[in-house]
Amino acid sequence: TKRKAYEVERFIEKPPLAKAKKLIKSKRCYWNAGIFIFKADTLLGGIKRFAPREYHLLSRMKDELGVEQFWPKLKNISIDYAVMEKTSKLLLLPASIGWSDLGSWLALERLMKKDNRGNILRGPCLDLGSHHIVAWSDKQLLATIGLKDMIDLKTK
């Protein structure tokens, strides 16, 4: 199957609702799923050009192995705002990949397999009589008894 790549005219991160509706209605836009592919030097070049302060700190952090010293000084900005909205060198590959934003427990629940009582059990979990729970453990046994509508996590 041949895929067609498109040059991106403009990248707009989180447009206001009215603008988003207008863009969708125009049918001349794609929604960004936050999946980017680039060479490291291409990304660093974009950061150097559009976020020079962050580039300088990242370079010093690499040279001095000073994550603890330099990380707090970096601006809290996503790559979308720092580089993607400013560059003119973007290509788009349309894809239907069944992507889902796992920004909530409800989103996770839609993707995970449930047992016959609506429970999601992940890792070493033992359950007796619970309904509609998420039980999630990294390594240690997590036991649940008679819980309802709860999330129980056991991590390191």
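Computed from the coordinates by the stated procedures, all read-outs in this text should not be read as laboratory data. Since the structure is predicted, the reported quantities are computational estimates derived from the model, not experimental observations. FYI the Cβ positions are ideal-geometry reconstructions off the backbone, even for glycines, and counts take in every protein chain you see.
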* Please work out how much length the chain gains when fully extended from Y6 to R28, using 0.36 nm per residue of separation minus the C-alpha to C-alpha distance, in nm with one decimal. => 6.8 nm
* Asked: For G46, what charge total do you get from the other residues with a beta carbon under 13 Å from its beta carbon, if Lys and Arg give +1 and Asp and Glu give -1?
  -> +1
* **Dipole magnitude of the chain, debye to nearest 20 (Cβ charges: Lys/Arg +1, Asp/Glu -1, about Cα centre)** => 820
* Structure fact -> Quick calc, Q69 & K89: beta-carbon distance into FRET formula, R0 41 Å, rounding 0.05, result 0.80
* Which of the pairs K73/K139; K48/K73; K39/K86 have their Cα atoms more than 24 Å apart in this structure? -> K73/K139
* In bins 10 Å wide, starting from 0, what share of all Cα pairs of the chain does each bin hold, as a percent? -> 9, 24, 21, 24, 20, 3
* Cα centroid distance between segment 93-156 and segment 12-46, in Å? -> 31
* Among the lysines, which have Cα under 18 Å from the Cα of K4 when same-chain residues fewer than 8 positions away are ignored? -> K27, K89
* Theoretical ellipticity at 222 nm over the chain - DSSP helices of four or more residues, -39500 (n - 2.57) apiece, nearest 500 -> -8000 deg cm²/dmol
